[in-house]
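Following: one structure in structure tokens, then a few remarks.
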Amino acid sequence: MSNTIILGAGVTGLCAGQGRRRPVYEGLESPGGLCASYYERSYRFEKGGGHWIFGNDEDSLKVVNDLSVIKRYTRKASVYFPGSGTYVPYPFQNHLYLFPKAVRKKVEEEMRRPLDARAVTLHEWLGDNFGSTLCRLFFWPFHDLYTAGLSEKITPEDLFKNPCNRADILRGLTKPTSPVGYNVTFAYPRQGLDHLMRQIEHYCDVRYHKRAVKIDMRGKKVFFEDGSEAVYKKLISTIPLSETVKLCGLDGIEADPYTSVLVFNIGARKGARCPEDHWVYVPSSQSGFHRVGFYSNVDASFLPPAGCTKELVSMYVEKAFLPGQKPD
């Protein structure tokens, strides 16, 4: 019996396994979970979309680089407004000099109002911090897609993803502003995420094809699909919380709201209107997607080796779903 066992060999599970030197049980046959690469017709795609390595902590980046050599990039992202067919640099609220005078005037008035500070939901927080003009333009419709309709039910989340400095917004009414946000720069392993996951795996004791089907909390035992079981004193579960609750048989407990994201990967010939951005946020779309990313705009290694980088594109499209929903 191990004092501690870990469920799930995604990034969190692998790092827990490496740090605690305890066995990791994984239902699939490879590590990394959604943070792993795969190859289709010589295109490189990511299982979970554009999983770039964000953050500027040099110690952390050195650890990653020692495992799998990384390359660094400077973000190029935009917001696309389908109604006008225009791209505005991200974060768009800091580049309002590109908008009509009437819009800028309304935003300036709203930015000079005091904050209410009574926001409870994400929808309310956005309205209080950015004002109704910017929210109607982008924040409310985008976050309705991004959260699959939960923005009026959940508390403010991912606040670091919505840079809200009123001084920057006011400066951006007349001129470009300096890049801001948690992802101004980012990194990616030169040999792909799958290589990084395999490198972490070398330091772990991963037991594959061990899909958990039941957790006996009283008996401190995990049962697996293959009929085997594992006894523990402490259990670290890195699989989704909603699934952990089910495995524990905790009936009657209301699950926290969450979404699932469909990532649709595409390798194709580049169209004439294909942007040069690394990723693009979209506040409205007929099929309900909220973001498009371009792997090959980040790095040509996502394209077939013999491919012409001027003609081909490797990209992904993201759409959020509520629990139980599936694409038609």
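The residue that is least open to solvent (accessible area, probe 1.4 Å), among those in segment 13-40 that are at pLDDT 90 or above and among the charged types (D, E, K, R), is E26. Against the test of being open to solvent by less than 60 Å² (accessible area, probe 1.4 Å) and basic (K, R), the options K221, K234, K214 yield a single qualifying residue, K221.
The requirement of being more than 21 Å from the chain's Cα centre (by Cα) and part of a strand (DSSP E or B) is not satisfied by V63.
Please work out if V24 is in contact with a His (Cβ under 7 Å, 6 or more places away or on another chain), not in a helix (DSSP H, G or I) and not small (G, A, S).
Numbers: in contact with a His (Cβ under 7 Å, 6 or more places away or on another chain): no; not in a helix (DSSP H, G or I): yes; not small (G, A, S): yes.
Considered against the rule, which asks whether it is in contact with a His (Cβ under 7 Å, 6 or more places away or on another chain), not in a helix (DSSP H, G or I) and not small (G, A, S), V24 comes out as no.
Out of the residues in segment 169-188 meeting the condition of being of a type outside the set (V, I, T) and over 17 Å from the mean Cα position of the chain (by Cα), tell me which one is nearest to V69 (Cα to Cα). Can you show your working first?
So the first thing to find is which residues in segment 169-188 are of a type outside the set (V, I, T), and the list is 170-173, 175-176, 178-179, 181-183, 186-188.
Going one step further and asking which of them are over 17 Å from the mean Cα position of the chain (by Cα), we end up with 170-173, 175-176, 178-179.
Numbers: L170: 40, R171: 38, G172: 37, L173: 40, K175: 38, P176: 34, S178: 29, P179: 26 Å.
By that ranking, first place goes to P179.
Would you check if I239 is open to solvent by less than 60 Å² (accessible area, probe 1.4 Å), in contact with a strand residue (DSSP E or B) (Cβ under 6 Å, 6 or more places away or on another chain), assigned to a loop (DSSP other than H, G, I, E, B) and not aromatic (F, W, Y)? Walk me through how you get there before you give the answer.
On the way: open to solvent by less than 60 Å² (accessible area, probe 1.4 Å): yes; in contact with a strand residue (DSSP E or B) (Cβ under 6 Å, 6 or more places away or on another chain): yes; assigned to a loop (DSSP other than H, G, I, E, B): yes; not aromatic (F, W, Y): yes.
Criteria met by I239.
Out of V313, V317, which single residue is in a strand (DSSP E or B) and touching a Cys at 6+ places or on another chain (Cβ under 7 Å)? Testing whether each residue is in a strand (DSSP E or B) and touching a Cys at 6+ places or on another chain (Cβ under 7 Å) leaves just V313.
Of the residues K76, K71, which is within 23 Å of P163 (Cβ to Cβ) and in contact (Cβ under 8 Å) with a residue 24 or more places away in the chain?
On the way: K71 fails: within 23 Å of P163 (Cβ to Cβ).
Of K76, K71, the one residue that is within 23 Å of P163 (Cβ to Cβ) and in contact (Cβ under 8 Å) with a residue 24 or more places away in the chain is K76.
Before we move on, is K246 part of a strand (DSSP E or B), open to solvent by 60 Å² or more (accessible area, probe 1.4 Å) and not aromatic (F, W, Y)? In short, no.
Kindly indicate whether any position in segment 279-291 is touching a residue at least 24 places away in the same chain (Cβ under 8 Å), surrounded by 12 or more Cβ atoms within 10 Å (Cβ to Cβ), touching a helix residue (DSSP H, G or I) at 6+ places or on another chain (Cβ under 8 Å) and over 22 Å from G83 (Cβ atoms). No, there is no match, as no residue in segment 279-291 is touching a residue at least 24 places away in the same chain (Cβ under 8 Å), surrounded by 12 or more Cβ atoms within 10 Å (Cβ to Cβ), touching a helix residue (DSSP H, G or I) at 6+ places or on another chain (Cβ under 8 Å) and over 22 Å from G83 (Cβ atoms).
Condition check ((1) modelled with pLDDT under 95; (2) crowded, with 18+ Cβ neighbours inside 10 Å; (3) out of contact with any strand residue (DSSP E or B) (no Cβ under 9 Å at 6 or more places or on another chain); (4) not in a strand (DSSP E or B)) across all residues:
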position: Y203; (1), (2), (3), (4): yes, no, yes, yes
position: G227; (1), (2), (3), (4): no, no, yes, yes
position: L250; (1), (2), (3), (4): yes, no, yes, yes
position: E254; (1), (2), (3), (4): yes, no, yes, yes
position: Y258; (1), (2), (3), (4): yes, no, yes, yes
position: I266; (1), (2), (3), (4): no, no, no, no
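The values are calculated or read from the model by the stated rules, or taken from the named source; none is laboratory data. The structure presented is a predicted model; accordingly, all values stated were derived computationally and were not measured. Here the Cβ is made from the backbone with ideal geometry for all residues, glycine too, and neighbour counts use every protein chain on show. Note: areas computed on protein heavy atoms with side chains; ligands, DNA, RNA excluded. Shrake-Rupley method; radii C 1.70, N 1.55, O 1.52, S 1.80 Å.
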